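The values are calculated or read from the model by the stated rules, or taken from the named source; none is laboratory data. Remember, it's a predicted structure, so these values are computed and weren't measured experimentally. All Cβ positions, glycine included, derive from the backbone under ideal geometry; neighbour counts span all protein chains shown.
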Amino acid sequence: MSRPIILGIVGDSAAGKTTLTRGIAQVLGPENVTLICTDDYHRYDRKQRAEIGITALHPDCNHLDIMQQHLSLLRTGQAILKPVYSHKTGTFEPPKYIKPNKFVIIEGLLGYSTRAARDAYDVKVYLAPPESLRAKWKVKRDTEKRGYTEEQVLAELEKREPDSEAFIRPQRQWSDIVVSFYPPSENEDENNGHLNVRLVLRPTIPHPDFTQIIHPDNDDSESAVRLGLGRDMGKPVDVLEVDGHATLDQVNKIEHIMCNDMPYLKNICDREINPELGKIAGTTGETLQSYPLALTQLIITYHMLKATQIHQ
Ligand code: G6P
């Protein structure tokens, strides 16, 4: 019997988790995907948190043991009775019965904080935009969708900083892929949504052979698609960078490398993505409409499908 394939998307508040999660679900086919947000495992509601003086980022503020149990159940294809936290009211709602589909995407703040939880994932992604961009995204989301003022959001960011540093950022080390969307240059803003992406690819999962995009005779440093060796948290990694202004041709090369290795991905690309690869990104949110986002979604999808082959 096949079991669900589990993807983790972890990162700080407003790092782009939901946008990426929805995009990947779109590529995999929403009917094949179960989405779980670990905010539902908060131990205290908004009022209690304020009274106690604890932030949602602190492990003690979350039922990580229950989250862990649920992850193990989902991995073996079993249903869970998931708590529900409402961002609207800041309170808990009745729990929901959730049966896992073929793919399960778990997004949240503390998904990799315990060993047992980490063991449940097939693919682990960590989102790390520059802090200035994250602050901007957080102000935008929390003022538009969660009823806070800009001052409140900035004050909250400052209050949470020690917990971000202590509990959120260290989880980067456990990820297979670190995703950082960033503006092309310091003074250029988001440039009409054309963010670049930097993907740290750790050798903890088998990546497609992207070395084919390197031309031995050329200096690739000026290219809009770059592959290099680097270090991340002290460990050797590959780094793939795709600029927002990359051409469809350049992006297609990367797409082909993955599709050659994974024929089923080709079906998805033909159906969802080609001939305009960027189109798929358009379904997920305005600020990230770009080839970098579309390619990031595709690379993660590649790994989900690869995990299906390995484990079934
Ligand atoms: C941040 C996180 C959320 C978390 C929330 C709790 O905004 O991104 O995931 O649930 O903090 O705070 P709240 O605004 O709901 O009291």
### Message
Being surrounded by fewer than 17 Cβ atoms within 10 Å (Cβ to Cβ), within 30 Å of Tyr302 (Cβ to Cβ) and modelled with pLDDT under 95: is that true of Asn187 here?
### Response
no
### Selection count where residues are surrounded by fewer than 16 Cβ atoms within 10 Å (Cβ to Cβ), assigned to a loop (DSSP other than H, G, I, E, B) and either within 16 Å of the ligand (Cβ to nearest atom) or in contact (Cβ under 8 Å) with a residue 24 or more places away in the chain (or both), scope region 70-92
7
### Members of region 5-33 found to be farther than 21 Å from Glu144 by Cα and part of a strand (DSSP E or B), listed by number
Ile5, Ile6, Leu7, Gly8, Ile9, Val10, Val33
### Query
Do any helices (runs of 4 or more DSSP H) entirely within region 93-175 hold 2 or more residues that are under 17 Å from the mean Cα position of the chain (by Cα), and if so, which?
115-118, 131-144
### Message
Taking the criterion of being touching a residue at least 40 places away in the same chain (Cβ under 8 Å), of a type in the set (A, V, I, L, M, F, W, C) and on the phi < 0 side of the Ramachandran plot, would at least one residue in region 38-53 satisfy it?
### Response
no
#### Entry: Breaking point among (1) buried (at least 19 other Cβ atoms within 10 Å of the Cβ); (2) under 22 Å from Arg141 (Cβ atoms), for Met67
(2)
### Query
If we scan region 143-157, do we find a residue that is β-branched (Val, Ile, Thr), surrounded by fewer than 16 Cβ atoms within 10 Å (Cβ to Cβ), closer than 16 Å to Ala14 by Cβ and within 14 Å of the ligand (Cβ to nearest atom)?
yes
### Task
Kindly indicate whether Asp39 is acidic (Asp, Glu), at pLDDT 95 or above, touching a strand residue (DSSP E or B) at 6+ places or on another chain (Cβ under 7 Å) and within 15 Å of the ligand (Cβ to nearest atom).
yes
### Query
Is it true that some residue in region 45-63 is among the acidic types (Asp, Glu), within 13 Å of the ligand (Cβ to nearest atom) and assigned to a strand (DSSP E or B)?
no
